[in-house]
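Everything on this sheet refers to the single structure shown next.
The values are calculated or read from the model by the stated rules, or taken from the named source; none is laboratory data. Predicted model only: the values in this text are computed from it and were never measured. Note: ideal-geometry Cβ built from the backbone for every residue, glycine included; neighbour counts use all protein chains shown.
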Amino acid sequence: MMNILLIYPEFPETFWSFTYALSFIGKKAAFPPLGLITVAALLPENWAKRLVDTNVERLKDKDILWADLVFIGGMTVQRTSARQIIDRCNALKATVVAGGPLFTSEPDEFKTVDHLLLDEAELTLPRFLSDLGKGRAEKIYRASGFCNTGDTPIPLWNLLNMKRYASMSLQFSRGCPFNCDFCNVTALFGHKPRLKTPVQVMLELDRIYAAGWRGSIFFVDDNFIGNKGFLKEHLLPSLIEWRKDKKGCVFFTESSINLADDPELLDMMVAAGFDSVFIGIESPDEKSLTECHKTQNKNRDLLESVGIIHRSGLQVMGGFIVGFDNDGPSIFQRQIDFIQKSGIVTAMVGMLQAIPGTRLFDRLQRESRVAESFTGDNVDGTTNIIPQMGMDNLFEGYQTIMKQIYQPKYYYQRVRTLFRELKAPEIIAPMDIQRFLSFFRAALRLGVFGKERFQYWYLILWTLVRKPKLISTAITLSIYGYHYRKICERYIY
């Protein structure tokens, strides 16, 4: 038997950390470390396991000294914290095992890690454990292919204190059928979506529900609708059946814009309990979409596609990029106009980044246009490329977008635009004491002391008169707006 400590590095304050929004609801982190608790389930059952998520609790030396092996996993945006944790482990002579997207993308940057388990843990972890048992564990383990997700175990949810998180997470598929130039999803997980069975997903949901969770659940798939046929024939009917005797547990996920082309799929997702979806819009410019091979977004009315999804009952959260070679001086105002007209309230706008392992990175490296290391945060006002339009022009235009779309006047205007189209949700998270307190805190911080107090109360009154079933969403989006503005003030203004 061995003592295993699993450590999740800290996230910086980012667009998706929801740091400033979490204070309204009394939570420590937005999402749990799904990858690490899945890795924990792959380890021998009789081994002692502890989890320290540094986003919700402090890592102590005694935790490290207790462990025979320290497992660290994370993403690129967690690089700084990961290095600090590795240094602490090295100082205490702990044996460090690391894996996940950060280490898979940058293995040469972590020389002091004892064992690097790169690619998918389902393939590399068993080989490491076998060699470890024989006393001949190697430095680096890589996989030549992709795992069968049907063999992925149920994550060890018991390692978490769920009350510290705003949402739970679940993965149904890995991989994406598209091949966007700037995205590393296909490099990490392949083009053909690999799916868990409905039985697997229902068992994971049962575990989460049995633990007392009634809040939101994030299906973390990079493209949830990568296999539409399987969704409609198998998973969504199972989800609809699952929730018949359940309360709460609203779902959200990520998708491609072609979701708008399938009314049946939209209706089934809403019936299954989905209320929002993140979609990479990227650009309203057809030439820029061609440049980055975003074929699924071309030859369509993107505004109308967003409207179709809104009218179905799903709120669209959108990703946008500026800095493509085909972007001209007008792109910044065009992005602003699109965002405002679409009613996409949560608009994640970033400057183009070249992620190692992507076709974009390889091309720009050949052109000597990769300037510095990739931060992993695409909304922090940085880029690692040398843009065609010039860095000063790009950053100035980017600032213009962010200063406008997250001004209270324009932000709250977008919420009302969204609400005019959005079908009211049939399934909502139950009201509890924390939810009630968050509404009270919003009224106090935003409605009394906030610089947006006029816009806040106008939205509340407007919603009560026009769309009373969306009042909870109105308050939630107001809280999100406060967070987004604080992030912009920190990194961009």
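Which of the residues belonging to the stretch 313-335 are surrounded by fewer than 22 Cβ atoms within 10 Å (Cβ to Cβ) and under 19 Å from Phe419 (Cα atoms)? Once the filter is applied, which keeps residues that are surrounded by fewer than 22 Cβ atoms within 10 Å (Cβ to Cβ) and under 19 Å from Phe419 (Cα atoms), the stretch 313-335 yields Gly313, Met317. Taken over the stretch 267-313, the criterion of being over 25 Å from Phe182 (Cβ atoms) and under 17 Å from the mean Cα position of the chain (by Cα) is satisfied by Phe274, Asp275.
Within the stretch 1-44, restricting attention to residues that are β-branched (Val, Ile, Thr) and under 27 Å from Pro153 (Cβ atoms), the residue that is surrounded by the fewest Cβ atoms within 10 Å (Cβ to Cβ) is Thr38. Part of a helix (DSSP H, G or I), of a type outside the set (Asp, Glu) and farther than 17 Å from His310 by Cα: does that describe Tyr493? No.
Residue check: Phe172 meets all listed conditions (1) surrounded by fewer than 17 Cβ atoms within 10 Å (Cβ to Cβ); (2) in contact with a strand residue (DSSP E or B) (Cβ under 7 Å, 6 or more places away or on another chain); (3) more than 25 Å from Thr95 (Cα to Cα) but one, namely (1). Each residue in the stretch 149-179 was checked for being at pLDDT below 95 and within 27 Å of Lys298 (Cβ to Cβ), and 5 pass.
When the test is whether a residue is touching a residue at least 40 places away in the same chain (Cβ under 8 Å), farther than 30 Å from Glu109 by Cβ and not basic (Lys, Arg), Ser330 does not pass it. If the condition is being in contact (Cβ under 8 Å) with a residue 24 or more places away in the chain and out of contact with any Lys or Arg (no Cβ under 9 Å at 6 or more places or on another chain), then the stretch 459-475 contributes Lys469, Leu470, Ile475.
Residues are listed down the side, and each one gets a yes or a no for (1) touching a residue at least 60 places away in the same chain (Cβ under 8 Å); (2) part of a loop (DSSP other than H, G, I, E, B); (3) in contact with an Asp or Glu (Cβ under 9 Å, 6 or more places away or on another chain); (4) exposed (fewer than 15 other Cβ atoms within 10 Å of the Cβ):
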{"residue": "Ile427", "(1), (2), (3), (4)": "yes, yes, yes, no"}
{"residue": "Ala442", "(1), (2), (3), (4)": "yes, no, no, no"}
{"residue": "Phe449", "(1), (2), (3), (4)": "no, yes, no, yes"}
{"residue": "Phe454", "(1), (2), (3), (4)": "no, no, no, yes"}
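Scanning the stretch 339-389 for residues that are in a strand (DSSP E or B) and over 22 Å from the mean Cα position of the chain (by Cα) returns Val370, Ile385.
Taken as a whole, the structure places Leu459 among residues that are among the hydrophobic types (A, V, I, L, M, F, W, C), modelled with pLDDT of 95 or more and over 22 Å from the mean Cα position of the chain (by Cα). Residue pairs whose Cβ atoms lie under 8 Å apart, sitting 6 or more positions apart in sequence or on different chains, and linking a residue in the stretch 140-165 that is closer than 15 Å to Gly190 by Cβ to a partner that is surrounded by 14 or more Cβ atoms within 10 Å (Cβ to Cβ) and of a type in the set (Gly, Ala, Ser), are Phe146/Gly175; Phe146/Gly190; Thr149/Ser173. Just checking, does the stretch 106-113 include any residue being buried (at least 21 other Cβ atoms within 10 Å of the Cβ) and within 13 Å of Gly74 (Cβ to Cβ)? Yes: one or more hits.
Which strands (runs of 3 or more DSSP E) does the stretch 207-304 wholly contain that include 1 or more residues that are crowded, with 16+ Cβ neighbours inside 10 Å, at positive phi and among the charged types (D, E, K, R)?
Details: elements: 216-219, 251-255, 274-282.
Counting at least 1 such residues, we get 274-282.
Selection of the stretch 318-335 for residues being within 19 Å of Glu304 (Cβ to Cβ) and hydrophobic (A, V, I, L, M, F, W, C) yields only Phe320. Suppose the filter is touching a strand residue (DSSP E or B) at 6+ places or on another chain (Cβ under 6 Å) and of a type in the set (Ser, Thr, Tyr); does Thr375 pass it? Here the answer is no, as Thr375 does not meet what is asked.
Over 18 Å from the mean Cα position of the chain (by Cα) and crowded, with 19+ Cβ neighbours inside 10 Å: does that describe Gln200? Yes. Answer yes if at least one residue in the stretch 429-441 is closer than 20 Å to Ala347 by Cβ and either β-branched (Val, Ile, Thr) or outside the structural domain of His310 (by TED's automatic domain parsing) (or both), and no otherwise. Taking every residue of the stretch 429-441 in turn, none turns out to be closer than 20 Å to Ala347 by Cβ and either β-branched (Val, Ile, Thr) or outside the structural domain of His310 (by TED's automatic domain parsing) (or both). If you check Glu426 against the conditions, is it at pLDDT 90 or above and closer than 30 Å to Ile240 by Cα? No, not satisfied. The single condition among (1) in contact with a Pro (Cβ under 9 Å, 6 or more places away or on another chain); (2) of a type in the set (Val, Ile, Thr); (3) closer than 23 Å to Leu129 by Cβ that Val77 does not meet is (3). Candidates Lys423, Lys486: the one that is touching a Ser or Thr at 6+ places or on another chain (Cβ under 9 Å), surrounded by fewer than 18 Cβ atoms within 10 Å (Cβ to Cβ) and outside any helix (DSSP H, G or I) is Lys423. Scanning the stretch 133-148 for residues that are in a helix (DSSP H, G or I), of a type outside the set (D, E, K, R) and surrounded by 14 or more Cβ atoms within 10 Å (Cβ to Cβ) turns up nothing.
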